[in-house]
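Written below as structure tokens is the structure these notes are about.
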Amino acid sequence: MIMPEMNGRDLAGQLSVFYPDIKLLFMSGYTADIIIHKGMLNERASFIQKPFSRSDLAVKLRGMLDNTNDVNVD
């Protein structure tokens with residue numbers, strides 16, 4: 001979410017212009033509640049909190065690819 005010179009939301013917006021159907025997964029060491037509260041993501045965005053295991057990432061990505069954004073990894 002937080003990167004030098006740009007944040008993840010801004011990058012996602014730029015990518016979405018060229019790839020409108022792109023699926024995006026945001027990750028941060030902050031909790032989703034804090035990220036959403038600060039307005040960096042909306043409630044429907046796919047998000048995974050660091051640290052996460054390879055298994056957690058696989059479950060999240062599978063859910064996104066299956067178009068089921070209700071998969072939560074805590």
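Any chance the range 44-63 includes a residue that's among the aliphatic types (A, V, I, L, M), more than 17 Å from residue 9 (Cβ to Cβ), surrounded by fewer than 10 Cβ atoms within 10 Å (Cβ to Cβ) and modelled with pLDDT of 60 or more? No; the residues of the range 44-63 include none that is among the aliphatic types (A, V, I, L, M), more than 17 Å from residue 9 (Cβ to Cβ), surrounded by fewer than 10 Cβ atoms within 10 Å (Cβ to Cβ) and modelled with pLDDT of 60 or more. Do we find that residue 26 is within 10 Å of the chain's Cα centre (by Cα), modelled with pLDDT of 85 or more and surrounded by 14 or more Cβ atoms within 10 Å (Cβ to Cβ) in this structure? Yes: the conditions hold for residue 26.
The values are calculated or read from the model by the stated rules, or taken from the named source; none is laboratory data. On a predicted model such as this, the values are computed, not experimentally measured, just so you know. Note that each Cβ is placed from the backbone with ideal geometry, even for glycine, and that neighbours are counted across all protein chains shown.
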